[in-house]
Amino acid sequence: MSGRVSVVFGLAAMVAAGSASAREVVPFGDASAGTIVVSVSQRKLYLVNGDGTAIRYPVAVGKPGKQWFGTARIDGKYVAPAWSPPWEVKRDNPRLPNVIAGGSPHNPMGAAAMTLAGGQYAIHGTNRPSSIGTWASYGCIRMYNQDVVDLYQRVDVGTPVLMTH
């Protein structure tokens, strides 16, 4: 079995069977094929297909004052990653441990994560699905676990990410 196939099966096993998908294909024409566009005001992530459509996913975005805008690229892809709180999160929540193991129900990274170059941000799953559709993070993009697994399988390291208002 190839490494990619085993990762896909491993990811699928991490997401509960029967989970409903929140993604949908919608008209979209403002970016190059393969680009991820995150609309902070809409709390939506779009993966541009290049045929005038995009796959749209609901997401949680940064709280007011924790948001960022501009461009980045995916610089890493991880299945069930461990999480080390960034200094700002640790400052605000000093009782957090220094590391939370991947797969732990207390790990906010969920089933998978794609880190973004140039900062401490990622597109990742969540252990708090009720936060999707809100302004909840310190700048990361949170997705339902079944949606982050879907996106993880569709993108590669180097994929451009555009954060818009």
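A simple spin-label model places the labels of Trp87 and Arg128 2.3 nm from each other, with each point 7 Å out along Cα-to-Cβ. The residues neighbouring Asp150, those whose beta-carbon lies less than 14 Å from its own, together hold a net charge of +2 under the Lys/Arg +1, Asp/Glu -1 convention. Fewest neighbouring Cβ atoms within 10 Å first, the residues Leu96, Leu162, Leu151 line up as Leu96, Leu162, Leu151. Is region 59-165 best put as rounded, prolate or oblate by its Cα gyration tensor, with a ≥ b ≥ c the root eigenvalues, rounded for a/c under 1.5, and otherwise prolate when a/b is larger than b/c, oblate when not? It comes out rounded by the Cα gyration axes. In this Cβ point-charge picture (+1 for Lys and Arg, -1 for Asp and Glu), region 3-164 has a dipole of about 400 debye about its Cα centre. Here Lys77, Lys66 are placed in order of increasing Cβ neighbour count within 10 Å, fewest first, which gives Lys66, Lys77.
No lab work stands behind these numbers, since they all come straight from the coordinates. Everything numeric here is computed off the predicted structure, so don't read it as measured data. Using ideal geometry, Cβ is built from the backbone for each residue, glycine included, and neighbour counts are taken over all protein chains shown.
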